[in-house]
């Protein structure tokens, strides 16, 4: 199915205390990467409006936290059903504003629903605990919400990334403040309306648009107890430092430069499909995309399969558009610089033809650069586009040395038929997520998502079991009701 663009611009205001409120500091336009045309407007709140929104969130959270987790989960269950009902409509909006294909947009929402389903299980899996630790003495723990929490999310996954945190935070009893990307506000509108329809009380969920000013105002407000962020490493570090300097919890996920180690014994069909789909999926605009192929030994036939599959993709139906024209220009320039530096362009996306009627969109085709040098820009800088840089290595030791030398630590994959060699890469990769014969090693719930090194600032992961302790407090209670006849030092 092809993406259906909105017939009229969608107006996106701020959700404050259950009402959509027009911002007081501007109404920038939203343009579709598909054809460069206006598809919406987003209104930016003032400092006064942000303060009012956060005050309302804090007041609403007190009552929300008092509701039993089973009642909170019932609303989230309603939310799940609404998202499933409206899945195609939401996917079309996502695709229109961020440039994904319709199928990619739908898959991202389904991944978000998977996290929602994990959040629904918290009521049955995280039941606290109580143990008699000594005669007449018991210890127990209870999980309690933090209060108001905030999340700042990127353009490339306007539903999936916020859905990493929305259901878990709400299930735990927090009020949630969302600052979506100003490039993708249409999806935020749909998700917020779905939560309202599901029965979420006013003020428990807040949407505030804008850029750095809005982010700073949210982080600095004393009612916000924890901040989550997904975006570039540069901004992740700034957000983490600003929040933690104020004594707040922060978990900020940054960029990546993911490597795939390709060994000669790999299955040719499996590696050709997996590696091609990894660097071309979402037009390469994802932190889990393959960026560098570490080709060990003679893998020419594998590379040919990668080229064949990538070159068969059609723009618009098989691969989407880039978010902005400036990003397209940046990638074209990066390819040109790599070529001048000695890389061989064996698949040139600069020559790709835009879909008919969408010539004004931000299109670039799959690009494969061969003979890239390990320390070059193409091998070390996150380009965020459908570009695969091939670095040839004499053995696996050289490949792992290159993999370990990059500052990022999001993901690494290996394609091989050897269990011992796969395990060596798993053990030696300096990343938080590793794939074996999988080009995009995103863990499935309840396994949590998160990288290491410059790909993450903060402790723990943003989803799964490991996220519960970040988005809540654990209270420990020790109880004694009477003196025991056989007292000891423990009682």
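Within the range 1-27, take every residue that is surrounded by 17 or more Cβ atoms within 10 Å (Cβ to Cβ) and within 30 Å of residue 315 (Cα to Cα) and give me the one that is modelled with the lowest pLDDT.
Looking at residues that are surrounded by 17 or more Cβ atoms within 10 Å (Cβ to Cβ) and within 30 Å of residue 315 (Cα to Cα), I get 3.
Just give me the residues in the range 365-380 being under 26 Å from the mean Cα position of the chain (by Cα) and not in a loop (DSSP other than H, G, I, E, B), in sequence order.
So in the range 365-380, the residues under 26 Å from the mean Cα position of the chain (by Cα) come out as 365-368, 377-380.
Selection gives 367, 368, 377, 378, 379, 380.
From 79, 31, which residue is more than 21 Å from residue 155 (Cα to Cα), within 24 Å of the chain's Cα centre (by Cα) and buried (at least 17 other Cβ atoms within 10 Å of the Cβ)?
Numbers: 31 fails: more than 21 Å from residue 155 (Cα to Cα).
Result: 79 is the single residue among 79, 31 that is more than 21 Å from residue 155 (Cα to Cα), within 24 Å of the chain's Cα centre (by Cα) and buried (at least 17 other Cβ atoms within 10 Å of the Cβ).
Determine whether residue 200 is touching a helix residue (DSSP H, G or I) at 6+ places or on another chain (Cβ under 7 Å) and assigned to a helix (DSSP H, G or I).
no
What number of residues in the range 317-364 are assigned to a loop (DSSP other than H, G, I, E, B) and either over 28 Å from the mean Cα position of the chain (by Cα) or surrounded by fewer than 21 Cβ atoms within 10 Å (Cβ to Cβ) (or both)? Quick ask: steps written out before the conclusion?
Going residue by residue through the range 317-364, those that are assigned to a loop (DSSP other than H, G, I, E, B) are 317-318, 320-324, 341-343, 348, 352-364.
Subsequent filtering for residues that are either over 28 Å from the mean Cα position of the chain (by Cα) or surrounded by fewer than 21 Cβ atoms within 10 Å (Cβ to Cβ) (or both) retains 317-318, 324, 341-343, 348, 352-360.
Qualifying residue count, the range 317-364: 16.
So, in the range 268-294, exactly how many residues are within 13 Å of residue 415 (Cα to Cα) and touching a strand residue (DSSP E or B) at 6+ places or on another chain (Cβ under 6 Å)?
Initially, the range 268-294 is screened for residues within 13 Å of residue 415 (Cα to Cα), giving 268-276, 278, 290, 293-294.
Cutting the leftovers down to touching a strand residue (DSSP E or B) at 6+ places or on another chain (Cβ under 6 Å) gives us 271, 275, 278, 290, 293-294.
Of the residues in that region, 6 qualify.
Restricting the search to the range 157-171, which residues are under 12 Å from the mean Cα position of the chain (by Cα) and either outside the structural domain of residue 61 (by TED's automatic domain parsing) or in contact (Cβ under 8 Å) with a residue 60 or more places away in the chain (or both)?
Within the range 157-171, 157, 158, 159, 161, 164, 165 qualify.
If you take the residues of the range 386-412 that are buried (at least 21 other Cβ atoms within 10 Å of the Cβ) and assigned to a loop (DSSP other than H, G, I, E, B), which of them is farthest from the chain's Cα centre (by Cα)?
So, considering only residues that are buried (at least 21 other Cβ atoms within 10 Å of the Cβ) and assigned to a loop (DSSP other than H, G, I, E, B), the one farthest from the chain's Cα centre (by Cα) is 406.
Quickly run through the range 85-114 and pick out the residues that are over 20 Å from the mean Cα position of the chain (by Cα) and either assigned to a helix (DSSP H, G or I) or crowded, with 24+ Cβ neighbours inside 10 Å (or both).
85, 88, 89
Provide a single number: the residues in the range 439-476 that are in contact with a helix residue (DSSP H, G or I) (Cβ under 6 Å, 6 or more places away or on another chain) and assigned to a strand (DSSP E or B).
Residues that pass the stated criteria total 1.
Across the range 173-184, what is the number of residues that are more than 16 Å from the chain's Cα centre (by Cα) and surrounded by 24 or more Cβ atoms within 10 Å (Cβ to Cβ)?
Here the count works out to 4.
Got at least one residue in the range 418-425 being within 17 Å of the chain's Cα centre (by Cα), surrounded by 18 or more Cβ atoms within 10 Å (Cβ to Cβ) and touching a residue at least 40 places away in the same chain (Cβ under 8 Å)?
No, because not a single residue in the range 418-425 is within 17 Å of the chain's Cα centre (by Cα), surrounded by 18 or more Cβ atoms within 10 Å (Cβ to Cβ) and touching a residue at least 40 places away in the same chain (Cβ under 8 Å).
The values are calculated or read from the model by the stated rules, or taken from the named source; none is laboratory data. Just so it is clear, the model here is predicted, and its values are computed rather than measured. Counting neighbours? That spans all protein chains shown, and the Cβs are built from the backbone with ideal geometry, glycine included.
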